[in-house]
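Accompanying notes for the structure given below.
The values are calculated or read from the model by the stated rules, or taken from the named source; none is laboratory data. All values derive from a computational prediction rather than experimental measurement. When we count neighbours, we look across all protein chains shown, and the Cβ atoms used for this are built from the backbone with ideal geometry, even at glycine. Surface areas here come from the heavy atoms of the whole protein model, side chains and all, with no ligands, DNA or RNA. Shrake-Rupley method; radii C 1.70, N 1.55, O 1.52, S 1.80 Å.
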Amino acid sequence: MEIIAPSNTYLRQKGIKASLQRVLIYEYLQKTTAHPSASKIFSDLHPTIPSLSRATVYNTLNLFVEKKIALPVQVEGSEARYDLCDPHHAHFHCVSCQTIFDIPIQEIAVPEPLRNFEVQESQVHYKGLCPQCR
Ligand SMILES: [Zn+2]
Ligand SMILES: [Zn+2]
């Protein structure tokens, strides 16, 4: 059985200095299924952490992406939205209500034509209309 390390231990294992603000941003991402933008994270956390700045949220998200614990979910025409990489899953983006749904899938092996490439990221992304909007 896997032992879930506390967030600060997890961040340190990933080579990230676990400041309080980083831990709180990480835990916020763990708790939400909304795939929030940086602005949304900032406005939700700012009341509890008055010292938090927008720049810190952006820098922390960039660091999480660089260390591969989070990834930007690209939605055309809107601000990047963020999600944790684990567990591996696909996304369905509803183009009407803008909801991003998590779709559990098996991790896909790197396709044969890419064997000499260094794959740094892969995302499975569906878009269309969710059951409420179709
Ligand atoms: Zn929808
Ligand atoms: Zn997701």
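Measure off, as a whole percent, the carbon and sulfur share of the 1.4 Å-probe accessible area of the chain, all protein chains present. Numbers along the way, then the final one.
Details: 4850 of 8900 Å².
Carbon-and-sulfur percentage of accessible area, whole number: 54.
In the chain, what % of DSSP beta bridges are antiparallel (nearest 5)?
Working: 10 of 14 bridges.
Restricted to the chain, the bridges split so that about 70 percent are antiparallel.
Quick check: residue separation of ASN62 and ALA109 times 0.36 nm, minus the Cα distance between them. What number comes out in nm?
Gain in length upon complete extension: 14.3 nm.
Could you work out how far apart the two model spin labels at GLN123 and LYS31 are, taking each label as a point 7 Å from the Cα in the direction of the beta carbon, and quote it in nm?
2.4
Counting residues in the chain as N, plug N into 2.2 N^0.38 Å and put the Cα Rg over that result. Could the numbers behind the result be given before it?
Details: Rg = 16.1 Å, N = 134, 2.2 N^0.38 = 14.1 Å.
Taking N as the residue count of the chain, the ratio is 1.14.
Can you list which of the trypsin sites (Lys or Arg not before Pro) found in segment 21-126 are DSSP loop residues with at most 10 other C-beta atoms within 10 Å? Mind showing how you got there, number by number?
Values: sites: ARG22, LYS31, LYS40, ARG54, LYS67, LYS68, ARG81, ARG115; in loops: LYS67, LYS68, ARG115.
Answer in residue order: ARG115.
Which cross-chain or sequence-distant (5 or more) residues have an amide H under 5 Å from the amide H of VAL124, H modelled 1.01 Å from N in plane?
HIS91
In whole Hz, with x marking every Gly and Pro, tabulate ³J(HN,Hα) for segment 111-120 from phi via Karplus 6.51 cos²θ - 1.76 cosθ + 1.60, θ = phi - 60°.
3J(HN,Hα) across segment 111-120, in whole Hz: x, 3, x, 9, 4, 9, 9, 9, 7, 9.
If amide H atoms are built 1.01 Å from N in the plane of the peptide, which residues on other chains or at least 5 residues away come under 5 Å of the amide H of CYS130?
Excluding prolines and chain starts, which carry no amide H, the hits are VAL95, SER96, CYS97.
Give a residue-ordered list of calculated ³J(HN,Hα) values for segment 20-27 (Karplus: 6.51 cos²θ - 1.76 cosθ + 1.60, θ = phi - 60°; whole Hz; x for Gly, Pro).
Listing the rounded values in order: 4, 5, 5, 4, 5, 5, 4, 5 Hz.
Compute the accessible area per residue over the chain, keeping the other protein chains in place, probe 1.4 Å, unit Å².
Numbers: 8900 Å² over 134 residues.
Roughly 66 Å² per residue, with all protein chains present.
What size of dipole, in debye to the nearest 20, comes out for segment 1-98 about its Cα centre when the only charges are +1 on Lys and Arg C-beta atoms and -1 on Asp and Glu C-beta atoms? Could you put the intermediate results ahead of the total?
On the way: 10 positive and 8 negative charges, 66 e Å.
The calculation lands at about 320 debye.
Among rounded, prolate and oblate, which fits segment 51-117 when a ≥ b ≥ c are the square roots of the eigenvalues of its C-alpha gyration tensor, a/c under 1.5 means rounded, and a/b larger than b/c means prolate?
Oblate is the answer for segment 51-117, as a/c is 1.5 or above yet b/c matches or exceeds a/b.
Taking segment 1-126, how many lysine pairs are there with alpha carbons less than 20 Å apart, if each pair must be eight or more places apart or span two chains?
The number of close lysine pairs in segment 1-126 is 8.
Once phi is turned into θ = phi - 60°, what whole-Hz ³J(HN,Hα) does the Karplus curve with 6.51, -1.76 and 1.60 give for every residue of segment 54-60, x standing for Gly and Pro?
Whole-Hz 3J(HN,Hα) from phi for segment 54-60: 4, 4, 5, 4, 4, 5, 5.
Can you give me the Cα centroid spacing of segment 23-51 and segment 80-134 in angstrom?
22
Could you pull out every residue, at least 5 positions away or on a different chain, whose amide H is within less than 5 Å of the one on VAL73? Hs are placed 1.01 Å off N in the peptide plane, and Pro or chain starts have none.
ARG81, TYR82, ASP83
In nanometres, what is the gap between the two model label sites at CYS133 and LEU84, each 7 Å from Cα along Cα-to-Cβ?
If labels sit at CYS133 and LEU84, their model points lie 2.6 nm apart.
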